[in-house]
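Peer 1: Following this message is one structure expressed as structure tokens.
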Ligand SMILES: O=C(O)CCC(=O)C(=O)O
Ligand SMILES: [Fe+2]
């Protein structure tokens, strides 16, 4: 792989100004050349104590569930319920996603981030936007920048959207990126299928009908994010992804074998050990609301290391934008126990709110619902 500075030099000069603000874009090629860490990438020490213990998260075998075996489904549901009540993280194996497809998506991620900066910038995320390529943009006001670059795009499985990801790649980057788009299109299709199965398993684990939550996710748009973390000379000063909670319903993460994902649980940061062919699943704020707070959306982060690059592919499962997020019948109390913890809201409202926040943390859903209660009401669909 050629990540040498020459690949950057092949680019014509890149205009990186945001209106009047200047600054420097650090893609992985320039990040890996930093021998001293630029100030903008140094995180407060309170955010970066090292994780010394592994997260106690089950590795759930889904084969029995997929084969309709009642006993192993109940066993899997029990493990899932226990993990989700404590911290919201578990891993799945025998999940039905082909190893080849998963590896292919990681390989294309290498391919994309290896491109010269000027090519990656053709897919650049617009300020305030959700989709596209993003690398740390440092100016004199920036701070706590992540040691990574990302590429995000949307996925919808509705009829007529069979090429939605392919078309995105072709339109942003050119015809020659059709194959890259196809690999991600297939990966997203597999992830969406798996997510619907996991949502059924979550319903079983909560003791309600397995189809209870499905309607929230029909014809919804998911978000796919490829994360690329270059090595870092002083990894103890930086973070690849800062502490946050995922505002979405569910995240399915493929991490490579390097490791770096950490979860704040039991008052300490704990690492999630990569398991061969496993996918990491975590509860996001929106599913926490759907379960009336019974299942937890937990603070997590990704650390980087001195010697090895790391890739992770996060598939964020979102409800349909206009669906009202309300714990479903028979009654919210049955699912979460106790009175309603969150008012009705739509994913569209919550997404807009989170985009205005630099950092999504444990308090985001709370501050969003407080803001909601003091503003307009929601129309049910
Ligand atoms: O890279 C990882 O392990 C975590 C990434 C993550 O949490 C995210 O993209 O939301
Ligand atoms: Fe996350």
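Peer 1: Quick one: if you stick a label point 7 Å off each Cα along the C-beta vector at residue 110 and residue 175, how many nm between them?
Peer 2: Going from the residue 110 label point to the residue 175 one covers 2.8 nm.
Peer 1: Modelled label-to-label distance, residue 85 and residue 219, 7 Å Cα→beta-carbon offset: nm?
Peer 2: Once both label points are built, they end up 3.7 nm from each other.
Peer 1: Given the C-alpha atoms of the chain, compute the convex hull and give its volume per residue in Å³.
Peer 2: 148 Å³
Peer 1: Specify the residue with the greatest mean-square fluctuation among 202, 290, 115, computed from a Gaussian network of the chain linking alpha-carbon atoms under 10 Å apart.
Peer 2: 115
Peer 1: Is the shape of the stretch 223-281 best called rounded, prolate or oblate, per the rule: a/c under 1.5 gives rounded, else a/b larger than b/c gives prolate, else oblate, with a ≥ b ≥ c the square roots of the Cα gyration tensor eigenvalues?
Peer 2: Working: a/c = 1.37, a/b = 1.19, b/c = 1.15.
It comes out rounded by the Cα gyration axes.
Peer 1: Over all directions, average the projected area of the Cα convex hull of the stretch 138-179 and note it in nm².
Peer 2: If you wrap the Cα atoms of the stretch 138-179 in a convex hull and average its projections, you get 4.9 nm².
Peer 1: Step by step: find N for the stretch 256-309, compute 2.2 N^0.38 Å, then divide the Cα radius of gyration by it. What's the final number?
Peer 2: Numbers: Rg = 13.3 Å, N = 54, 2.2 N^0.38 = 10.0 Å.
Ratio of Cα Rg to 2.2 N^0.38 Å: 1.33.
Peer 1: A follow-up question, please. For each of 142, 205, count neighbouring Cβ atoms within 10 Å of the residue's Cβ, then give the residues from fewest to most. Write out the running numbers ahead of the final one.
Peer 2: Values: 142 16, 205 25.
In increasing order of surrounding Cβ atoms, one gets 142, 205.
Peer 1: What angle do you read, to the nearest 10 degrees and between 0 and 90, between the alpha-carbon axis of helix 364-373 and the longest principal axis of the chain?
Peer 2: For helix 364-373, the angle is close to 60 degrees.
Peer 1: Right, here's the next one. Just order 245-253, 265-273 by mean Cβ neighbour count inside 10 Å, highest at the front, would you? List each step's numbers first, then the result.
Peer 2: Numbers: 245-253: 24.9, 265-273: 16.6.
In decreasing order of mean packing, 245-253, 265-273 become 245-253, 265-273.
Peer 1: Mind checking the log10 I(q)/I(0) for the stretch 20-145 at q = 0.15, 0.17, 0.18 Å⁻¹? Debye, one equal scatterer per Cα, no solvent, two decimals.
Peer 2: After summing over all Cα pairs, the log10 values are -1.00, -1.05, -1.08.
Peer 1: Run through all the Cα pairs of the stretch 76-192 and give the fraction in each 5 Å bin from 0, expressed as whole percent.
Peer 2: P(r) for the stretch 76-192, in whole percents per bin: 2, 9, 16, 18, 16, 14, 12, 8, 4, 1, 0.
Peer 1: Students often check this: by mean Cβ neighbours within 10 Å, which of 128-137, 42-51 ranks highest, and how do the rest follow? Kindly include the intermediate steps, with their values, before the conclusion.
Peer 2: Values: 128-137: 17.9, 42-51: 13.2.
In decreasing order of mean packing, 128-137, 42-51 become 128-137, 42-51.
Peer 1: Give the order of 307, 95 when sorted by the count of other beta carbons within 10 angstrom, beginning with the fewest.
Peer 2: Values: 307 8, 95 24.
Fewest-to-most ranking of 307, 95: 307, 95.
Peer 1: Can you figure out the FRET efficiency of residue 99 with residue 366, using R₀ = 45 Å and their beta-carbon distance, to the nearest 0.05?
Peer 2: Working: r = 40 Å, r/R0 = 0.89.
With a Förster radius of 45 Å, E is 0.65.
Peer 1: Right, another one. How would you order 176-182, 310-316 from highest to lowest mean count of nearby Cβ atoms within 10 Å? Kindly include the intermediate steps, with their values, before the conclusion.
Peer 2: Details: 176-182: 17.0, 310-316: 23.4.
Highest to lowest by the protection proxy: 310-316, 176-182.
Read the figures in this text as sums done on the coordinates, not as results from a lab. Computed from a predicted structure; not experimentally measured. Glycine also receives a Cβ, built like all others from the backbone with ideal geometry; neighbour counts cover every protein chain displayed.
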